[in-house]
Amino acid sequence: MTEPQGIDAWIAEEAEIVQRLDAGPGPGLARPEQIAGKTGLQMMEAMLRAEIPYAAIAKTLDFTLLSVSPGVAVFQGTPLPQHLNPLGTIHGGWVATLLDSALGCSVHTMMPAGRAYTTAELSVNYVKGLTPKAQRVRAEGKVIHCGRQLATAEARLFGPDGTLYAHATTTCLVFEMPSAR
């Protein structure tokens, strides 16, 4: 897990990345020619450099991809009042989506050119209620195993003080990308 830092450092890092992403193509889908021949890690790095669009769900649910490396993806999210459930805590679906993004993108970094993945199973454990008082949370996904047909990964959702809010695992199906027709 990434070492805890102060909230100000987290917000500053996020602002720098969001500024770069907003100067690029914004949310959307990369065109086939933009990703042809690229590995999953190369695609994710191109996204972070704002050379190709990032996933629209990040804008919709107020989270940002911060970093990728082989087998690792880190996202940061802003738990806001619009994400609350009727009990006054952040909806479990928001937490699950943030964790699923970190898990899936960690697997994505391991894909060779021409290979893709999809989530087959997601298991989330909620260990502490999350509210907007936690100004930011991070989801750090790490690959456990990546084979030709299956990949597994684990992720943790934590605050700048190290508080663990949830953790998750996934099993992903790995497959050959269909050819463009």
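Return yes when Asp62 is within 21 Å of Phe158 (Cβ to Cβ), surrounded by 14 or more Cβ atoms within 10 Å (Cβ to Cβ) and in contact with a His (Cβ under 8 Å, 6 or more places away or on another chain) and no when it is not. The answer is yes for Asp62. Going by what's in this entry, would Pro32 be described as within 23 Å of Val174 (Cβ to Cβ), at pLDDT below 95 and of a type outside the set (Lys, Arg)? In short, yes. Can you tell me how many residues within the range 67-83 are assigned to a strand (DSSP E or B) and touching a residue at least 60 places away in the same chain (Cβ under 8 Å)? Of the residues in the range 67-83, 6 are assigned to a strand (DSSP E or B) and touching a residue at least 60 places away in the same chain (Cβ under 8 Å). Among the residues of the range 95-115, at least one is in a strand (DSSP E or B) and at negative phi.
Any chance the range 33-51 includes a residue that's among the polar types (S, T, N, Q), more than 19 Å from Val137 (Cβ to Cβ), under 15 Å from the mean Cα position of the chain (by Cα) and not in a loop (DSSP other than H, G, I, E, B)? There is no residue in the range 33-51 that is among the polar types (S, T, N, Q), more than 19 Å from Val137 (Cβ to Cβ), under 15 Å from the mean Cα position of the chain (by Cα) and not in a loop (DSSP other than H, G, I, E, B). Can you say whether Val95 is closer than 30 Å to Asp161 by Cα, among the β-branched types (Val, Ile, Thr), buried (at least 21 other Cβ atoms within 10 Å of the Cβ) and under 12 Å from the mean Cα position of the chain (by Cα), as far as the supplied structure shows? Yes; evaluated as a whole, the condition is true for this residue. Scanning the range 1-35 for residues that are more than 21 Å from Val72 (Cα to Cα), out of contact with any Pro (no Cβ under 7 Å at 6 or more places or on another chain) and touching a residue at least 40 places away in the same chain (Cβ under 8 Å) turns up just one, Pro32. Among the residues of the range 37-50, is there at least one that is surrounded by 13 or more Cβ atoms within 10 Å (Cβ to Cβ), touching a helix residue (DSSP H, G or I) at 6+ places or on another chain (Cβ under 8 Å) and more than 26 Å from Phe175 (Cα to Cα)? Among the residues of the range 37-50, at least one is surrounded by 13 or more Cβ atoms within 10 Å (Cβ to Cβ), touching a helix residue (DSSP H, G or I) at 6+ places or on another chain (Cβ under 8 Å) and more than 26 Å from Phe175 (Cα to Cα), which makes the answer yes. Scanning the range 65-92 for residues that are of a type in the set (A, V, I, L, M) and within 12 Å of the chain's Cα centre (by Cα), we see that the one that is surrounded by the most Cβ atoms within 10 Å (Cβ to Cβ) is Ala73. Restricting attention to the range 132-158, the residues that are part of a loop (DSSP other than H, G, I, E, B) and either in contact (Cβ under 8 Å) with a residue 60 or more places away in the chain or surrounded by fewer than 14 Cβ atoms within 10 Å (Cβ to Cβ) (or both) add up to 6. Cβ-Cβ distances below 9 Å connect the following pairs, each with a first residue in the range 106-130 that is farther than 14 Å from Ile90 by Cα, a second residue that is basic (Lys, Arg) and surrounded by 13 or more Cβ atoms within 10 Å (Cβ to Cβ), and a separation of six or more residues or different chains: Ser106/Lys142; Ala113/Lys38.
The values are calculated or read from the model by the stated rules, or taken from the named source; none is laboratory data. In this text, all values refer to a predicted model and were calculated from it rather than measured experimentally. Don't worry about glycine lacking a Cβ; one is built from the backbone with ideal geometry, like all the others, and counts go over all protein chains shown.
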